[in-house]
Amino acid sequence: MSDKIYNVLFLCSANSARSIIAEVVLNQLGKGRFRAFSAGSQPSGAVHPLTLKVLQGQGYDTSALRSKSWEEFARPDAPQMDFVFTVCDQTAGEVCPVWPGQPLTAHWGFADPVKVEGSEQRQLDAFSQVQHQIANRLRLLLSLPLARLDRLAIKHEIDHIGKTPAEA
């Protein structure tokens with residue numbers, strides 16, 4: 001088995017919900033095989049309070065989370081990424097920086113829970129649903145035999161995961 005640790009960057013426009021959730025969940029589920037980061041093209045400057053509430057409610061450590069710009073990860077001294085995933089449609093349509101190391105990229109779109117209106121419970125349910133959808137796709141990523149696949153096969157698989165219904 002390979003001892004390689006894969007660096008993964010999740011991108012969303014505000015870096016306050018979906019990308020943050022993906023970062024936290026992959027860091028836990030990846031059990032040292034993956035090191036996840038998140039960033040935004042137009043970071044809000046704060047993690048959404050309901051993101052924190054959902055993650056904390058499931059026992060995730062949120063103490064070090066912050067909303068940050070994708071520019072941090074485009075610098076020459078930034079960790080070299082193996083994968084970059086956009087998790088919102090807006091960011092997928094933007095011109096991204098050039099990432100050092102030519103990581104594999106894919107779009108894994110999820111509905112924006114921040115846009116859900118109504119009661120706090122309805123909003124909290126939307127954040128929880130997105131967290132479960134993200135975790136499901138991340139489990140598919142974790143099940144891939146990455147050390148035995150070539151770049152083209154991995155690219156095919158991560159694109160396929162992004163097309164898998166988020167509810168799956």
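The alpha-carbon positions of the chain define a convex hull whose volume is 113 Å³ per residue.
Assuming R0 = 22 Å, can you tell me the calculated FRET efficiency for the pair H132 and R33, based on Cβ-Cβ distance, to the nearest 0.05?
Numbers: r = 21 Å, r/R0 = 0.97.
It comes out at approximately 0.55.
Label the range 72-114 by shape, choosing from rounded, prolate and oblate, from the square roots a ≥ b ≥ c of the eigenvalues of the Cα gyration tensor; if a/c is under 1.5 it is rounded, and otherwise prolate applies when a/b is larger than b/c, oblate when it is not. Since a/c reaches 1.5 and a/b is larger than b/c, the shape of the range 72-114 is classed as prolate. Helix content alone sets the calculated 222 nm mean residue ellipticity of the chain: runs of n ≥ 4 DSSP H residues at -39500 (n - 2.57) each, divided across all residues, give -11500 deg cm²/dmol. One equal scatterer on each Cα of the range 25-116, no solvent, Debye formula: the resulting log10 I(q)/I(0) at q = 0.23, 0.25 Å⁻¹ is -1.55, -1.64. Annotation: aspartates and glutamates with alpha-carbon distance below 19 angstrom to K115 (same-chain offsets under eight excluded): D89, D125, E167.
By the scheme Lys and Arg +1, Asp and Glu -1, what is the net charge of all other residues having a beta-carbon under 14 Å from that of I158? All intermediate terms of the calculation are to be shown ahead of the outcome.
Numbers: positive: R137, R139, R151, K155, K163; negative: D82, D150, E157, D159.
Surrounding charge for I158 is +1.
Overall size of the range 1-59 from C-alpha positions, given as principal axis extents largest first: 39, 28, 12 Å. Among residues other than S143 with Cβ under 15 Å from its Cβ, the summed charge is +4 (Lys and Arg +1, Asp and Glu -1).
Helix 120-142 and the longest principal axis of the Cα set of the chain meet at an angle near 10°.
Listed by chain and number, the lysines placed with their C-alpha closer than 18 angstrom to that of K4 are K31, K155; residues fewer than eight positions away on the same chain are left out. A cut-off of 5 Å between modelled amide H atoms, ignoring neighbours fewer than 5 places along the same chain, links K68 with G40.
Summarising the amide proton neighbourhood of R35: residues at separation of 5 or more, or on other chains, whose placed amide H is nearer than 5 Å comprise Y6, N7, V8.
Taking the Cα of D159, stepping 7 Å toward and past its beta carbon, and measuring to each backbone N in the range 97-120: which are under 11 Å? What the label zone holds, given the 11 Å backbone N cut-off, is 105-107.
Taking the centroid of alpha carbons for each part, the range 102-116 and the range 1-42 are 12 Å apart.
Each reported figure results from applying straightforward, stated rules to the coordinates on display, with no laboratory input. All values derive from a computational prediction rather than experimental measurement. Glycine also receives a Cβ, built like all others from the backbone with ideal geometry; neighbour counts cover every protein chain displayed.
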